[in-house]
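Step one of this worksheet: look at the structure below.
Only the coordinates and a few stated rules stand behind these numbers; no lab work does. This structure is a prediction, so every number in the text was calculated from the model and none was measured. As a convention, Cβ positions derive from the backbone with ideal geometry for all residues, glycine included, and neighbour counts pool all protein chains shown.
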Amino acid sequence: VASIAPSEDTPIPFVSRVPNELPQPIVPGNMAFAAFDAAYSMAPYLIGDDEALVIRGRWPECVFANLCLWNRWSQMYDYVNRQVSRNRANTTLNADGSFTLVLAHSDPGHPNWIDTEGRNLGTMFFRFFLPQGDIEKPLCEVVKFTDLTPDLV
């Protein structure tokens, strides 16, 4: 089975080039650098100093799922000293089982805060390993930091 190496002419289907807009998560199969049994959704985030990005969605049935933040060299942020990712185990769910994640430069008091380390631009990367069924596309909304509340859903 041949691997497909993505290029500028053939964009990676699970990667959005539009800031703050995640594509539908897909299982890319035999594409280079992808696990055969995982689904992905990746996009840049771009927020101002006084803004936050609210991400709403639902974790699918799967072995493991998470959202992590990367820098421009595909390196994860400081996961030892900062909360730069969320997974099903450390996400507080809403009453209906959905999640609300908040990317912000400082702690807004929300239980699902993800620390941008003060970076206005970065990459958000959802991974879903051994997913079952359809995966809901996470929806993103840029808001003013001052509009965030701990009970935001």
For the chain, set up a Gaussian network in which alpha carbons nearer than 10 Å are linked by springs, and say which option among 12, 55, 135 fluctuates the most. 12
Quick one: what do you get for segment 40-144 if you divide its Cα Rg by 2.2 N^0.38 Å? 1.01
If I build a Gaussian network model for the chain, linking alpha-carbon pairs within less than 10 angstrom, which residue out of 57, 48, 97 has the largest mean-square fluctuation? 97
Long-range amide H partners of residue 122, meaning residues 5 or more apart or on another chain whose placed amide H is closer than 5 Å, are 45
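Given charges of +1 on the Cβ of Lys and Arg and -1 on the Cβ of Asp and Glu, with all other atoms neutral, how large is the dipole of the chain about its Cα centre, in debye to the nearest 20? It would help to have the intermediate numbers written out before the result.
Values: 11 positive and 18 negative charges, 61 e Å.
With only Lys, Arg, Asp and Glu charged at Cβ, the dipole is about 300 debye.
Over segment 36-97, what is the relative contact order in percent, taking alpha-carbon pairs closer than 8 angstrom and at least six residues apart?
It rounds to 25 percent for segment 36-97.
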Residue by residue, what Karplus-based ³J(HN,Hα) values in Hz, rounded to whole numbers, does segment 14-21 have, using 6.51, -1.76 and 1.60 with θ = phi - 60° and x for Gly and Pro? 9, 10, 9, 9, 8, x, 6, 9
